[in-house]
1. Consider segment 256-287. How many of its residues are farther than 22 Å from residue 16 by Cβ and aliphatic (A, V, I, L, M)?
2. Looking at (1) open to solvent by 10 Å² or more (accessible area, probe 1.4 Å); (2) of a type outside the set (Phe, Trp, Tyr); (3) in contact (Cβ under 8 Å) with a residue 24 or more places away in the chain; (4) over 29 Å from residue 277 (Cα atoms), can you tell me which one residue 117 breaks?
3. Got a number for residues in segment 73-104 being without any contact (Cβ under 8 Å) to a residue 60 or more places away in the chain, among the aliphatic types (A, V, I, L, M) and not in a loop (DSSP other than H, G, I, E, B)?
4. Within segment 61-69, is even one residue open to solvent by 20 Å² or more (accessible area, probe 1.4 Å), more than 17 Å from residue 283 (Cβ to Cβ) and modelled with pLDDT under 90?
5. Can you say whether residue 289 is under 21 Å from residue 59 (Cβ atoms), open to solvent by 30 Å² or more (accessible area, probe 1.4 Å) and either in contact (Cβ under 8 Å) with a residue 40 or more places away in the chain or part of a strand (DSSP E or B) (or both), as far as the supplied structure shows?
6. Give 126, 87, 104, 115 a once-over and let me know the one that is under 19 Å from residue 180 (Cα atoms) and either more than 21 Å from the chain's Cα centre (by Cα) or among the charged types (D, E, K, R) (or both).
7. Quick one: how many residues across segment 176-203 are in a loop (DSSP other than H, G, I, E, B) and small (Gly, Ala, Ser)?
Amino acid sequence: MTLKKQQENRKGKPSWLSRNLPSGAGYETMRAILKKNRLNTVCREARCPNIWECYARRTATFLILGNICTRNCRFCAVRHGIPGAVDRGEPRRLAETVAEVGLDYVVITSVTRDDLSDGGAGVFADTIEAIRQCCPGVCIEVLIPDFQGSEEALRRVVDAAPQVINHNIETVSRLYDTVRPRADYHRSLKLLESTKKMDASMVTKSGMMVGLGEGDEEIRRTFEDLAAAGCDVLTVGQYLQPAGSCLPVERFVHPTEFDDLRRHAEGLGFPAVAGGPFVRSSYRARELYEQAKETTGSTDK
């Protein structure tokens, strides 16, 4: 794609991608709390378009294990390179922040840490435990990397018993080499399937982007693969180029098409589905969990 086309994609967004930013002190309050407690969020590091809305409501998706990723996915604005040492005090600071903000549902993700023997699974488990000790009754959703296919690492997280384990498929199989060059489509599906085998009551979740050049049939096939892997919650959103170094947008998907995709996914048996231009992995996280647990029989642990 030419530079001119990339510039058009960044600037020529359709009307349905325009919206008013929320006002008020909530955004600055949340930003100040995060800065004080030395915590990262994927909202900021990945340049999420929903950051103003989420911070204004004093919610965020926490990013643990630093802010430098060992992979270089072409859709993501998070920095890549050689990460620093693991911050062992981070789980406790995050738990204290959950208490300070007054969250009753928390979403935690991480950069991919292929440099660690367990991929960071132990830190996920420590963070879940710290929140449980500090804030009993809080529901916890984790968005985990693929741990390079390690069943042992996945077991560490499953045994920590969050309410939701999320792992994003991100895109269709054909585009993995371009979009996620060091990931593997079937490895990601197996992670979701293995989670259900380890704990059948666990709510599993995945998300994908559209607008990267995938075809309609490929999207539907991906939905079918996720359903076959036992995925309970599905989120589908518009890919928006977060930085000039990332892949350009190939197509802006109209909201009515998202409605069609949502209905198709519901027809495949997903207990909870969210689809729309601004839908991201943690969009309406608690509401989607509540929908899914009615079907799976999961309980707040």
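The values are calculated or read from the model by the stated rules, or taken from the named source; none is laboratory data. Every value quoted in this text rests on a predicted model; they were computed, and no experiment measured them. Quick reminder, even Gly has a Cβ in these numbers, built from the backbone with ideal geometry, and neighbours come from all protein chains shown. We work out accessible area using only protein heavy atoms, side chains counted, and drop any ligands, DNA or RNA first. Shrake-Rupley method; radii C 1.70, N 1.55, O 1.52, S 1.80 Å.
1. Qualifying residue count, segment 256-287: 3.
2. All conditions pass for residue 117, except number (3).
3. 4
4. no
5. no
6. 115
7. Adding up the residues that qualify gives 3.
Let's see how each residue does on (1) modelled with pLDDT under 95; (2) touching a Pro at 6+ places or on another chain (Cβ under 6 Å); (3) under 13 Å from residue 39 (Cβ atoms):
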residue	(1), (2), (3)
94	no, no, yes
104	yes, no, no
111	no, no, no
126	no, yes, no
137	yes, no, no
